[in-house]
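The values are calculated or read from the model by the stated rules, or taken from the named source; none is laboratory data. Computed from a predicted model, the values in this text were never measured in an experiment. For neighbour counting, all protein chains shown are included, and Cβ atoms are generated from backbone atoms with ideal geometry for every residue, glycine included. In case anyone asks, the SASA skips ligands and DNA or RNA and just uses the protein heavy atoms, side chains included. Shrake-Rupley method; radii C 1.70, N 1.55, O 1.52, S 1.80 Å.
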Amino acid sequence: MSSSSLASRYAWGLGTIGLAFWGLTIQQEGPWANSNTHELTTTVILVILSLLSAFSPIPTRGGGTLTVTLAPLFGAVAVPLPPWAVMTVAAIGTIDSRIPGRQISWGRFLMNRGMYIFAAGLPSFLIRETGLTPWGYGAALALMLGLNTILIGVFFALHEGKSLVSTIRAAYAGNGLTYVALPLTGILVGHLLRAPALVDQLIVFLLFMPLLIYRASIQKQRRLDTWLRDSYIMQSRVVDKRDGQTFGHSQRVGELCEGVARLLRLPEEECNTIRVGGILHDLGKIAIPDSILLKPGKLTPEEYEIIKTHPVEGAQILAEHPEQREVSEIVHHHHERWDGAGYPDRLKGEMIPVGSRIVNACDAFDTITQARVFRPTVKTPAEAIRELRELAGSWYDPQVIGALEKIVAERWGVEIAARPGSELEVSPTYQEALAVRPFRLLWVGQAVSYFGDTMNTAGLAIMLFVLTRSASIVALGLIAKAIPTVLFGLVAGPLVDRVNRQRLMIFADLTRAILTVSIPFFGYYWLPGVFIAVFLIASASAFFNPAKQAILPNLVPGRLLVRANGLVSSSEKTMELLGYSLAGLIVAAVSWLPLFLIDAGTYLFSAVSLLGVPDLAVRARGTSLRLASDVVEGLRFVLRNAVLRSTMTLTLVVAIFFGMTTTILVVMAYETLKGGASAYGFIEAAIGAGAIVGALIAAELVNRARAGTLLLLGAGGVGLANVFVGFSTNLSATIVFLLLGGILNMVYYVPLISVTQRESPDSVRGRVMATRFLLVQGGYLAGMALAGPMSDRFGAPMVFVVGGLFLVVAALLGFAFRSIRMATLRDDSSAVAVLKATASG
């Protein structure tokens, strides 16, 4: 069955089911008997307002339309109107000016009715259950946007034969704020329509003018976007016009480049940039004399050198406009070769911008499938792609040729035999990461060790409280665990970079095992000894932790780094949940003493596991330790690297936030939620469960989006989830928000730690990771110091609201910095290579 046939059946099915759902709701709720005048007049007002908003739909680049009807639709949900009335507004009020059967098919017309009925109707049922609370508004808004996005996204995915994720990504490109801002406007619409008097309700029509202005601005932006896209083609015609045989070449290359970029799952913004680079790649040829550019024979060496200047000439023209700097870079390097033999700068491999590599391959394909003055023979698409694949790995990158092969196969019906390395890269799997024995040993050892750490933390707090009955003594013990990271953070980094990391970690584990066994003895006979032992154990950890994160990238291939970090993070959170749970059971059944013995045993297990985790890069780093200069060198490296500078700043902000909120979770459980110890247990379990799931999800998401974008969205999402926690007085809702917060925290953390490792050469990675641990611990202590006074003065919920907003603002500011927004973990060996066609290609 064809894609268009599936899409048509989906449209008719969704429309039919939606209309049936509307009719059934009307029958069950009986509006003719149960509705009052206010509900009926409000429904009529919203139908009219929706019709006015939907009258002139705006075509989008993806083939759909955009209206401002989401505002009155969410207004109907926010009044709140009964579900039958909301569905009536959705079914009738969203009819636009397109005539069914002429300007829009009957299937799509009915589909739109069904889609809006579900997208608005189901949130209205939710609001009826939850009430007009911040939690209710947030859940209804998320449900409306989710249903609207998914239901229409499935249709276009079926219609165009694309994946649902790529279809949704394309739909939200440039429209994301619109989809969020309009429903928020609906809250104001709903508030105005709650007025009892009809005259007061009619004030809502004053909002129609801003909606009209907003719609007009979107239309203008769409026209400008279309004009801009067409203007690039017109600019390319200036070059193509000089040679009748190349007319349309630049446009074809641009479209082909965009297709390859999308198959390689590059972000939407980058796909558009690469498309423009493809269209304008030969702009510099306006500076090449016709006698050379149109010469039918072979070029002389002197002529060849002249024509080789066209990438630089084109790049210089584009670089004069600040908005075209990225396109300028693509044009400048679009004749570099993967093996470093290209021009103008002889860049090699991953040093070549990915856009330049894509343009080069697509330029070559179009060149050899079209007649030229220097080569009148034309190759078929099948012959052309075979020629390019023979050069994959030298002239071109196999992964990009694989993407190009897929496009050629679909567009021209060419059968292409599978060849190792030519197909699109298969997403890395967890099984691949665990198949690497050194990493597997590190992962198992650290999972067991982390289980012991939670036993230690729980046992320390319980022991100190049981022996002293003093909360201050308990706090002092926890501070003793935190202080060494701050004290020794900068010292640990140089040592980790100069010594054998495997031996350092084994020594730290053995030291921690011996000291852990001593804690119960000191607890019974000399209490200050407990704090000394805890301090020394934490000091050993201050060296162990950066060594662990510094050695991990050397154990697995770069493409498996995110999977490895996801496994480590997920296992740590899993062991944290198990550890705290079993610690309570063991103390209840026996005493706190076994907790420390178990912890010591896990350190010994970790040490044995590390015997199979060699530090193979130790010789390349050098072993001469110059503490002061090494510290300065590490800090200078972090400050000079734009990506690390940005991620470290965000790390500090997030650490302050978690220091503020984690400290007062127990206050929320007991005072705000009135749930006591059981509520606190559920809250901690929700956060832990979210983190376990989130660590695995994050590794999947990194294959589909830029790591920088993900970590910013994750950080902002954590902040937003905790804002809702601050407003929530319902335990179930709080658990849901914290579960989402736990998931989003890993969406932030896994890409962050992977980017940090990827950006740090092995020679300084220990110092970079130690700096990160220092910022985390320092920020956490600062947040803890702020949390107490703020909670006492303003209440625990306000701490969550303020802290969450603080994190949301920080994430939004992060999007303003390209260094963090565009940070990537893509394996650069999957990018594309250079042109085989001659300089005239």
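Annotations for the structure displayed:
- For the cross-link pairs 298/379; 295/379; 379/406; 481/548; 348/548, the ones whose C-alpha atoms lie over 23 Å apart are 348/548.
- Region 31-48-region 188-205 distance, computed between alpha-carbon centres (Å): 13 Å
- Residues 32, 443, 412 ordered from highest to lowest accessible area at a 1.4 Å probe: 32, 412, 443.
- Largest to smallest accessible area among 407, 17 [probe 1.4 Å]: 17, 407
- Computed on protein heavy atoms with a 1.4 Å probe, the accessible areas place 457, 37 in the order 37, 457, largest first.
- Based on C-alpha pairs under 8 angstrom that are at least 6 apart in sequence, the chain has a relative contact order of 13 percent.
- When you count the other C-beta atoms within 10 angstrom of each residue and take the mean per peptide, 481-488, 647-654, 434-441 line up highest first as 647-654, 481-488, 434-441.
- For region 287-327 versus region 558-617, the spacing of their alpha-carbon centroids is 60 Å.
- Cα-centred dipole magnitude for region 637-734, charges only on beta-carbon of K, R (+1) and D, E (-1), debye, nearest 20: 380 debye
- Portion, in percent, of the accessible area of the chain that falls on carbon or sulfur, probe 1.4 Å: 66 percent
- Whole-Å distance, taken between Cα centres, linking region 741-780 and region 441-468: 23 Å
- Helix-only [θ]222 nm of the chain, DSSP H runs n ≥ 4, -39500 (n - 2.57) each, per residue, nearest 500: -24500 deg cm²/dmol
- Accessible area per residue for the chain is 43 Å², calculated with a 1.4 Å probe on protein heavy atoms, without ligands, DNA or RNA.
- 16 Å Cα-Cα reach of residue 674 towards aspartates and glutamates, excluding residues that sit fewer than 8 places from it in its own chain: 684
- Proximal aspartates and glutamates to residue 285, defined as alpha-carbon separation beneath 15 angstrom and excluding residues fewer than eight positions away on the same chain: 240, 243, 303, 305, 313, 363
- When you count the other C-beta atoms within 10 angstrom of each residue and take the mean per peptide, 808-817, 311-320 line up highest first as 311-320, 808-817.
- Extreme residue, positive dipole direction of the chain, given options 655, 445, 362 (C-beta unit charges): 362
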